[in-house]
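The values are calculated or read from the model by the stated rules, or taken from the named source; none is laboratory data. No experiment lies behind these values; they were computed from the predicted model shown. Cβ atoms come from the backbone with ideal geometry, glycine included; neighbour counts cover every protein chain shown.
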There are 2 protein chains.
Amino acid sequence: MSLYDKFLDGSVIALSRIISHIENLRPGYQELLSRLYRRTNGIYRIGLTGPPGAGKSSLVNLLAGQLADDGRRVAVICVDPSSPFTGGAFLGDRIRMQDIPVDKGVFIRSMGSRGSTGGLAAATSNVTVALDAFGFDTLIIETVGVGQMELDIIDACDTVVVTLVPESGDAIQALKAGLMEIADVFAVNKSDRAGAEQMLYDLKSALEMRTEKSKWEVPVIATQALHKKNTEELLRLILEHKSFLETSGQLSHIRGLQLQKKVETVITRLVFRDISSNILSDGVLEKAVDKIMKGEEDPYSAGMRLYKRFKLGS
Amino acid sequence: MSLYDKFLDGSVIALSRIISHIENLRPGYQELLSRLYRRTNGIYRIGLTGPPGAGKSSLVNLLAGQLADDGRRVAVICVDPSSPFTGGAFLGDRIRMQDIPVDKGVFIRSMGSRGSTGGLAAATSNVTVALDAFGFDTLIIETVGVGQMELDIIDACDTVVVTLVPESGDAIQALKAGLMEIADVFAVNKSDRAGAEQMLYDLKSALEMRTEKSKWEVPVIATQALHKKNTEELLRLILEHKSFLETSGQLSHIRGLQLQKKVETVITRLVFRDISSNILSDGVLEKAVDKIMKGEEDPYSAGMRLYKRFKLGS
């Protein structure tokens, strides 16, 4: 039996291997993705992001468990940008991941930038295709929001939950920084802590002020993952947003845009490969650097000169 | 007088405007960079990175002041990845930046991913060209190390100082995460705090174990920026590393590799522009997405098909 057949047969080990194959861009991965894509059913993607210590992992565990109890086939991707400075947090997250209800058939995959060649956002999107093709119908992607890369991943989700905690600072400040644009649901977790009421109030006020582009009113909910308080209500809000996307036609609109992006990414990667192999093959780059070091040329002129040489045909 | 003439005349306002021009990739920025590059003298770049709260800004202020006192012309770039979750820290950094000794002629520029179109690493490198051409001979680049993007920036420096604090976690863990590879000097700041001795010991032990590729022995120094303790010694170590790079011939080797990268970046950007304008111009991307949505094609096959259409000439 081939790996792919085992995958079709429902082997989780085969799934894991196929994910690694895709992540590492091993030969034939594009063709594999083509085949997998034809088996997808439009997995529903929930993104969950927030600052370190907001209790994201606990919320993800509870949501995954509840979804599994409702009969959904759930996968979880934990995105860790492998910052050299989050060594501790990384380990902490992996320990907390053990609480994920695997006994309910929840599949977990951790992804870090050091593991995946060529772009975490593209890798996450490709792995999603494999999970979808395998038969999962709901995916939760957890990221620590630390930069553009993580925002790109979260942008590719259908419903985005932004988790804050009372001590994560001024809510208005967070909103100004662009969270308002990405959040479909706000969860103020650890809401038994001081400052929770104020944060809820501030968030709601700020959301009321904004000019509505879509007709979805972003809800704000106080949760306590530790005491399982309001987490079912949080899931209800998430699924309400899903229904909204479906009935309003926004889901197919979003997915169209995401597909555009995906096709562009595929083209870009192939062109990249050509540039590298062409430029590196006959030493023109080294010659250009020599000239620059001698002061005969500058890198910008050299780039333009070589670009003309490898110009795109049309 | 043109902006460029004012720049040559030493106007800091003209410098700031030229930096904005480059950062925003305004028409003619590549030609401008060509002209600027011809005026560069090989500015020496010190990278300083570390976790939030390690006292990086204070160290940068002190180092910049000491360098200026030594007669150097110093510029500082603060890289802030504009994380939506560091709203507070961002503000804090900007306040601390006011302590930078501008009265000693130190120029400060803050760069964030939201401000610079198309890649923070490329933007930082381009801004460095402008600073170099203006006449600065020493540049300090401060980043909060949170991801690949910041590592790319730090990689492009000549001497890298990694700043840790006793409470930033297990030193060994940090080393495992890749800091050993990038650090030329380790500074354990806030060394009056508990755990400092242990961290110094752990760092030194770990460094001793590593197999030496270069002949530079990475020093570990305990500093207290707040009490100006050992910061002159830190600068001495940095400049020692600079001498090492120069006498060993490594500096010109590093710069050759960086130039290769720069030329590649210039080519890639131009090709990118072509892909976008070609693909978007005649609606082929939209047509491909239509086909995918109808289930007649998948995004990977579509990407390969369109790639062939826009294939590179050779």
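Is region B:109-129 home to any residue that is in contact with a Lys or Arg (Cβ under 6 Å, 6 or more places away or on another chain), modelled with pLDDT of 70 or more and under 18 Å from B:R45 (Cα atoms)?
No, region B:109-129 contains no residue that is in contact with a Lys or Arg (Cβ under 6 Å, 6 or more places away or on another chain), modelled with pLDDT of 70 or more and under 18 Å from B:R45 (Cα atoms).
Here are some residues: B:L175, B:L239, B:L235, B:L151. Which one is modelled with pLDDT under 90 and under 28 Å from B:A123 (Cβ atoms)?
After applying the criteria, what remains is B:L151.
Are any residues in region A:270-289 modelled with pLDDT of 90 or more and either more than 8 Å from every other protein chain (Cβ to nearest Cβ) or in contact with a Gly (Cβ under 8 Å, 6 or more places away or on another chain) (or both), and if so, which ones?
A:K287, A:V289
Looking at B:L234, B:L245, can you tell me which residue is surrounded by 20 or more Cβ atoms within 10 Å (Cβ to Cβ), more than 14 Å from chain A (Cβ to nearest Cβ) and touching an Asp or Glu at 6+ places or on another chain (Cβ under 7 Å)?
B:L245
Only one of these is crowded, with 17+ Cβ neighbours inside 10 Å and in a helix (DSSP H, G or I): A:S252, A:S301, A:S276. Name it.
A:S301
Can you name every residue in region A:296-308 that is more than 8 Å from chain B (Cβ to nearest Cβ) and modelled with pLDDT under 90?
A:R305, A:K308
Return the only residue of A:I267, A:I292 being within 24 Å of the chain's Cα centre (by Cα) and facing chain B (nearest Cβ under 7 Å).
Matching residue, one of A:I267, A:I292: A:I267.
Is region A:217-238 home to any residue that is out of contact with any His (no Cβ under 7 Å at 6 or more places or on another chain), assigned by TED's automatic domain parsing to the domain that holds A:Q66, part of a helix (DSSP H, G or I) and under 22 Å from A:T128 (Cα atoms)?
yes
What's the total number of residues in region A:1-21 that are under 14 Å from A:G135 (Cβ atoms) and either basic (K, R) or touching an Asp or Glu at 6+ places or on another chain (Cβ under 6 Å) (or both)?
Total satisfying the criteria: 1.
Failed condition for A:A288, given (1) farther than 30 Å from A:P27 by Cα; (2) surrounded by 15 or more Cβ atoms within 10 Å (Cβ to Cβ); (3) in contact (Cβ under 8 Å) with a residue 60 or more places away in the chain, with all others met?
That leaves (3) as the condition not met.
Report, by residue number, each residue of region A:207-230 that is surrounded by 19 or more Cβ atoms within 10 Å (Cβ to Cβ) and modelled with pLDDT under 85.
Residues satisfying the conditions do not exist here.
Please state which of the following conditions B:K6 fails to meet, knowing it meets all the rest: (1) within 11 Å of chain A (Cβ to nearest Cβ); (2) surrounded by 16 or more Cβ atoms within 10 Å (Cβ to Cβ); (3) without any contact (Cβ under 8 Å) to a residue 12 or more places away in the chain; (4) not small (G, A, S).
Here B:K6 meets the rest and fails (1).
Cβ-Cβ below 6 Å, separation at least six or inter-chain, first residue in region B:23-50 and over 30 Å from B:N61 (Cβ atoms) and small (G, A, S), second modelled with pLDDT of 90 or more and buried (at least 16 other Cβ atoms within 10 Å of the Cβ): which pairs?
Short answer, once both residue conditions are applied: B:S34/A:D298; B:S34/A:Y300; B:S34/A:S301.
Mind listing whichever residues of region A:236-277 are in contact with a Pro (Cβ under 6 Å, 6 or more places away or on another chain) and more than 18 Å from A:L67 (Cβ to Cβ)?
Once the filter is applied, which keeps residues that are in contact with a Pro (Cβ under 6 Å, 6 or more places away or on another chain) and more than 18 Å from A:L67 (Cβ to Cβ), region A:236-277 yields A:L259, A:K262, A:V263.
For region B:41-51, give me the residue count where each residue is part of a loop (DSSP other than H, G, I, E, B), buried (at least 18 other Cβ atoms within 10 Å of the Cβ) and within 12 Å of chain A (Cβ to nearest Cβ).
1
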